[in-house]
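Working notes for the structure below.
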Amino acid sequence: MKKIFFIIFFILLIDQFLKIYVKTHFELGSKFYLFPFFWIFFVENPGMAYGICLGNGYYGKIMLSIFRFFLIILMFFFLYKNVKKGSSNYLTIPTSLILSGSIGNFLDSALYGFLFDKGTIYNDEYHKWIPYSGISKINYLFHNNGGYSSIMEGCVVDIFYLPIIDIYFPNWIPFLENFHFQFFKPIFNVSDISIFIGVILFLLFNNRIKNMKIL
């Protein structure tokens, strides 16, 4: 159990430290490269991966946050039961990674709205999410002017961008002239990496997991 707790704690610590540091030191949309094809690119995502939402506006945002919450609860009990019965690491470690990433992104949605004074908000008049200018500050002990939204209405902070391929096709190629091709286009965070690795491990060890008795 200690090993599982350490994995979850370590991932959440790194994830939240980086998100809070970037949000309190960089303006939204700021980007710079660390290495070739590896950028820090600060954006805020009101939905899931690729900007997918469960609905429009705050209603969809709250529905997504509630969905994340119940998914985390189910995953926690699933992991707890299998750790207690001594299930193999082939099952518990990937589950821990996915749970860690899910919690990390949920914390953004649940807490960042009133933890920070600035954030991306939904405009009912224009029916779209509106970015902000300047650098966010933390509302220490909530004694400032309040957060940029309420509980469950915060946006997820994404910070990593890997434009491994970023090209425009030349004019002489039929049907693809001036077509802009990017790979890898999505911007992500430590929680997303943790979920991705957990899913990959599940796929790699699928046969071993199938042979186990899972609660």
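The values are calculated or read from the model by the stated rules, or taken from the named source; none is laboratory data. The structure displayed is predicted, hence computed values, not measured ones. Please note: Cβ atoms are built from the backbone with ideal geometry, for glycine as well, and neighbour counts cover all protein chains shown.
Cβ-Cβ distances below 8 Å connect the following pairs, each with a first residue in the range 1-14 that is more than 21 Å from Y90 (Cβ to Cβ), a second residue that is in a helix (DSSP H, G or I), and a separation of six or more residues or different chains: L12/S100; L12/I103; L12/G104; L12/L107; I14/V190.
Could you please let me know if I62 is aliphatic (A, V, I, L, M), under 15 Å from the mean Cα position of the chain (by Cα) and modelled with pLDDT under 85? Judged against the criteria, I62 is not a match.
Selection of the range 14-31 for residues being among the aromatic types (F, W, Y) and either in a helix (DSSP H, G or I) or touching a helix residue (DSSP H, G or I) at 6+ places or on another chain (Cβ under 6 Å) (or both) yields F17, Y21. Every listed requirement among (1) assigned to a helix (DSSP H, G or I); (2) at pLDDT 95 or above; (3) of a type in the set (F, W, Y); (4) in contact with a Phe, Trp or Tyr (Cβ under 7 Å, 6 or more places away or on another chain) is met by F69 save one, (2). Can F37 be described as at pLDDT below 95, surrounded by fewer than 16 Cβ atoms within 10 Å (Cβ to Cβ), among the hydrophobic types (A, V, I, L, M, F, W, C) and out of contact with any Leu (no Cβ under 9 Å at 6 or more places or on another chain)? No, not satisfied. Which residues, taken from the range 122-137, are modelled with pLDDT under 90, within 20 Å of F42 (Cβ to Cβ) and either aliphatic (A, V, I, L, M) or touching a strand residue (DSSP E or B) at 6+ places or on another chain (Cβ under 6 Å) (or both)? Of everything in the range 122-137, those that are modelled with pLDDT under 90, within 20 Å of F42 (Cβ to Cβ) and either aliphatic (A, V, I, L, M) or touching a strand residue (DSSP E or B) at 6+ places or on another chain (Cβ under 6 Å) (or both) turn out to be Y122, W129.
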